[in-house]
1. Do we have any residue at all in the range 64-77 that's within 18 Å of the chain's Cα centre (by Cα) and over 13 Å from residue 114 (Cβ atoms)?
2. Output yes when any residue across the range 12-28 is in contact (Cβ under 8 Å) with a residue 60 or more places away in the chain, more than 22 Å from residue 119 (Cα to Cα) and either under 15 Å from the mean Cα position of the chain (by Cα) or loosely packed, with under 15 Cβ neighbours inside 10 Å (or both), and no when none is.
3. Do we have any residue at all in the range 27-45 that's under 30 Å from residue 122 (Cα atoms) and either modelled with pLDDT of 95 or more or part of a helix (DSSP H, G or I) (or both)?
4. State whether the residues of the range 92-104 include one that is crowded, with 21+ Cβ neighbours inside 10 Å, within 18 Å of the chain's Cα centre (by Cα) and under 13 Å from residue 12 (Cα atoms).
5. Out of the residues in the range 56-72 meeting the condition of being surrounded by 18 or more Cβ atoms within 10 Å (Cβ to Cβ) and modelled with pLDDT under 95, tell me which one is farthest from residue 12 (Cα to Cα).
6. If we keep just the residues of the range 2-20 that are in contact with a helix residue (DSSP H, G or I) (Cβ under 8 Å, 6 or more places away or on another chain) and closer than 20 Å to residue 105 by Cα, which is modelled with the highest pLDDT?
7. If I filter the range 7-21 for residues that are assigned to a helix (DSSP H, G or I) and either in contact with a strand residue (DSSP E or B) (Cβ under 7 Å, 6 or more places away or on another chain) or within 21 Å of residue 98 (Cβ to Cβ) (or both), do I get at least one hit?
8. Tell me which residues, restricted to the range 105-123, are more than 10 Å from the chain's Cα centre (by Cα) and without any contact (Cβ under 8 Å) to a residue 40 or more places away in the chain.
């Protein structure tokens, strides 16, 4: 019992950190884009590409999970998430931000899928 609680606790801790970071980035990206002088249309496109990527991740995630497993899929998603945030810090241009938000959406969908399936597997 103690071992199961420890395994679930680690997953829940990682989940809490990811969701908190995702929420902060979700607020920071539009504010930073507005400060950079992006138009309102571009802000809308950046926001919509996140959800477009999220839908794409719902299709790509199960294939990736079946091929490489839970931990590697989580690692790939976390790596892509971190890389897209760093890209947005390095290149303050509209096309880069739009594509980065789409990739972040794919990674977020994969991470959320891994978290849910991992918890179902452990329960």
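The values are calculated or read from the model by the stated rules, or taken from the named source; none is laboratory data. All figures in this text were calculated on a predicted structure; none of them were measured in a lab. Note that we place each Cβ from the backbone using ideal geometry, even for glycine, and neighbour counts take in every protein chain shown.
1. Among the residues of the range 64-77, not one is within 18 Å of the chain's Cα centre (by Cα) and over 13 Å from residue 114 (Cβ atoms), which makes the answer no.
2. Yes, the range 12-28 has at least one match.
3. Checking the range 27-45: not a single residue is under 30 Å from residue 122 (Cα atoms) and either modelled with pLDDT of 95 or more or part of a helix (DSSP H, G or I) (or both).
4. No, because not a single residue in the range 92-104 is crowded, with 21+ Cβ neighbours inside 10 Å, within 18 Å of the chain's Cα centre (by Cα) and under 13 Å from residue 12 (Cα atoms).
5. Looking at the filtered set, the residue picked out is 64.
6. Ranking the candidates gives 18 first.
7. Our first condition is that a residue be assigned to a helix (DSSP H, G or I); within the range 7-21, this holds for 7-21.
Subset that is either in contact with a strand residue (DSSP E or B) (Cβ under 7 Å, 6 or more places away or on another chain) or within 21 Å of residue 98 (Cβ to Cβ) (or both): 21.
Checked against the condition, which is being assigned to a helix (DSSP H, G or I) and either in contact with a strand residue (DSSP E or B) (Cβ under 7 Å, 6 or more places away or on another chain) or within 21 Å of residue 98 (Cβ to Cβ) (or both), the range 7-21 yields at least one hit.
8. 116, 120
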